[in-house]
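Peer 1: Below you'll find the structure I mean.
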Amino acid sequence: QVQLVESGGGLVQPGGSLRLSCVTSGSISSVNAMVWYRQAPGKQRELVARLTGIGNTNYADSVKGRFTISRDIAKNTVYLQMSSLKPEDTAVYYCNADLTTWQGMRLMRREYWGQGTQVTVSS
């Protein structure tokens, strides 16, 4: 049973910083990509930052230069460091993992989602 558990959300003033964490657990054979998405009220879910299994990254234009995605392999954790936060960054942030996992004796590749963590940027 694969689980993704996010943490680190909260209320922060404009210009402030937060670090989100996403811990993965389960019978994981390999991590193909880890992605942070966000969804603001009334808007579609959007990709924020992506980190591939070989370390390539890409970011939404709206967060480039302010957000950094990284991974601690030993801790099975991916982070999203968010700086210079703006009110428009307010959203529920979701962790998504593209994983290859053991299902009995078989390897299967699929995506998994965390439960989401609320980030509110407001004075």
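The values are calculated or read from the model by the stated rules, or taken from the named source; none is laboratory data. Predicted, not measured: the structure shown is a model, and the values here were computed from it. Don't worry about glycine lacking a Cβ; one is built from the backbone with ideal geometry, like all the others, and counts go over all protein chains shown. Each accessible area value is taken on the protein alone, full model and side chains, heavy atoms only, with ligands, DNA and RNA left out. Shrake-Rupley method; radii C 1.70, N 1.55, O 1.52, S 1.80 Å.
Peer 1: Tell me, what is the 1.4 Å probe accessible area of K75, in Å² to the nearest 10?
Peer 2: Using a 1.4 Å probe on the heavy atoms, I get roughly 120 Å².
Peer 1: Moving to a separate point now. Kirkwood Rh over alpha-carbon pairs of the chain, then Stokes-Einstein at 20 °C and 1.002 mPa s: what D in µm² s⁻¹, rounded to an integer?
Peer 2: Values: Rh = 14.7 Å.
In µm²/s, the coefficient rounds to 146.
Peer 1: Using heavy-atom solvent-accessible surface (probe 1.4 Å) with all chains present, what is the largest-first order of L99, L47, L107? Before the final figure, lay out each step's value.
Peer 2: Details: L99 0, L47 60, L107 90 Å².
My answer, sorted largest first, is L107, L47, L99.
Peer 1: Moving on. Which value, in debye to the nearest 20, describes the size of the charge dipole of the chain about its Cα centre when Lys and Arg Cβ atoms bear +1, Asp and Glu Cβ atoms bear -1, and nothing else is charged? Walk me through the numbers before you get to the answer.
Peer 2: Numbers: 13 positive and 8 negative charges, 30 e Å.
Around 140 debye, computed over the chain.
Peer 1: Something else: GNM, the chain, Cα, under 10 Å: largest mean-square fluctuation among P41, P14, P87?
Peer 2: The residue that fluctuates most here is P41.
Peer 1: Please build a GNM for the chain, connecting alpha carbons under 10 Å apart, and tell me which residue among W102, W36, W113 fluctuates the most.
Peer 2: Of the options given, W102 has the highest mean-square fluctuation.
Peer 1: Give me the percent of accessible area attributable to carbon and sulfur for the chain, probe 1.4 angstrom. It would help to have the intermediate numbers written out before the result.
Peer 2: Working: 3180 of 6770 Å².
Percent of accessible area from carbon and sulfur atoms in the chain: 47.
Peer 1: Same structure, new question: Counting pairs of alpha carbon atoms under 8 Å apart in space and at least six apart in sequence, what relative contact order in percent does the chain give? Please list the in-between numbers first.
Peer 2: Working: 310 pairs, mean separation 43.5, N = 123.
The normalised contact order for the chain reaches 35 percent.
Peer 1: Could you pull out every one of the lysines with an alpha carbon less than 20 Å from that of K86, ignoring same-chain neighbours closer than 8 positions?
Peer 2: Those lysines meeting the cut-off are K43, K64.
Peer 1: Charges on Cβ only, +1 for Lys and Arg, -1 for Asp and Glu, centred on the Cα centroid of the chain; of L85, L20, N32, which one is farthest towards the dipole's positive end?
Peer 2: After comparing all options, I get N32.
Peer 1: With a 1.4 Å probe and all protein chains in place, put T100, T120 in order of accessible area, largest first.
Peer 2: Numbers: T100 25, T120 45 Å².
From most accessible down to least: T120, T100.
Peer 1: Taking only protein heavy atoms and a 1.4 Å probe, what accessible area per residue, in Å², does the chain have with all protein chains in place? Show your work: numbers first, answer last.
Peer 2: Numbers: 6770 Å² over 123 residues.
About 55 Å² of surface per residue is accessible.
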